[in-house]
1. Using a/c under 1.5 as the rounded threshold, could you call the stretch 1-72 rounded, prolate or oblate? The axes a ≥ b ≥ c are square roots of the C-alpha gyration tensor eigenvalues, and prolate needs a/b larger than b/c, oblate otherwise.
2. Under 5 Å between amide H atoms, partner at least 5 residues away or on a different chain: which partners does LEU137 have, H built in plane at 1.01 Å?
3. Taking the solvent-accessible surface of protein heavy atoms with a 1.4 Å probe, what is the per residue accessible area of the chain in Å²?
4. For HIS54, HIS83, give the ranking by accessible area with the largest first, probe 1.4 Å.
5. Which value in nm describes the separation of the simple spin-label points at ALA52 and SER138, placed 7 Å from the Cα toward the beta carbon?
6. Expressed in nm², what is the orientationally averaged projection area of the convex hull enclosing the Cα positions of the chain?
7. To the nearest 10 degrees, how steep is helix 106-119 against the longest Cα principal axis of the chain, on a 0 to 90 scale?
8. Would you mind checking the pairs LYS68/LYS117; LYS18/LYS117; LYS89/LYS117; LYS18/LYS118 and listing those with alpha carbons more than 26 angstrom apart?
Amino acid sequence: MVIRDSSAVWEGNLVDGKGSMRLGSGAYEGAYTRASRFENGPGTNPEELIGAAHAGCFSMFLAAILSKAGHTVEQINTTARVHLGDGPKITLIELSTTGVVPGIDEATFIEFAEQAKKSCPVSQALASVEMKLTASLSQ
């Protein structure tokens, strides 16, 4: 079993406070505030990090299942748009992926992408959130 950790510190109240989040590996550390989370202020936010985690997990999982099926994967490029609604609550994640996979048709690629959407570990952890996927091949 692999265990990953990250940390966050928040100082002050919600309106005037500030915080920082750090990955356990030290590969990323960033500031966040109420404005960076609920408005368009500078800094990061938890939803942005969830989106990055989801896009990374999905891309890697899609490459793995394509490879296991005998396809050569040159590139999988995924973005994740995480919608934060009232509550606050994550209400929707939109995954958009393009792949460079020679010798596969788009319909087959989309089938594999749908499988990855349902099966990657981050998708499974976020199973209570609506997810939409657009997938296409790129040359």
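The values are calculated or read from the model by the stated rules, or taken from the named source; none is laboratory data. Keep in mind it's a predicted model, so treat the numbers as computed, not measured. Neighbour counts are summed over all protein chains in view; Cβ atoms, including those assigned to glycine, are modelled from backbone coordinates with ideal geometry. Accessible surface areas use protein heavy atoms only, side chains included; no ligands, DNA or RNA. Shrake-Rupley method; radii C 1.70, N 1.55, O 1.52, S 1.80 Å.
1. Prolate shape, in that a/c is at least 1.5 and a/b is the bigger ratio.
2. Result for LEU137 returns GLY99.
3. 62 Å²
4. HIS83, HIS54
5. 1.9 nm
6. That works out to 9.9 nm², a quarter of the Cα hull's surface.
7. Around 40 degrees separate the two axes.
8. LYS18/LYS117; LYS18/LYS118
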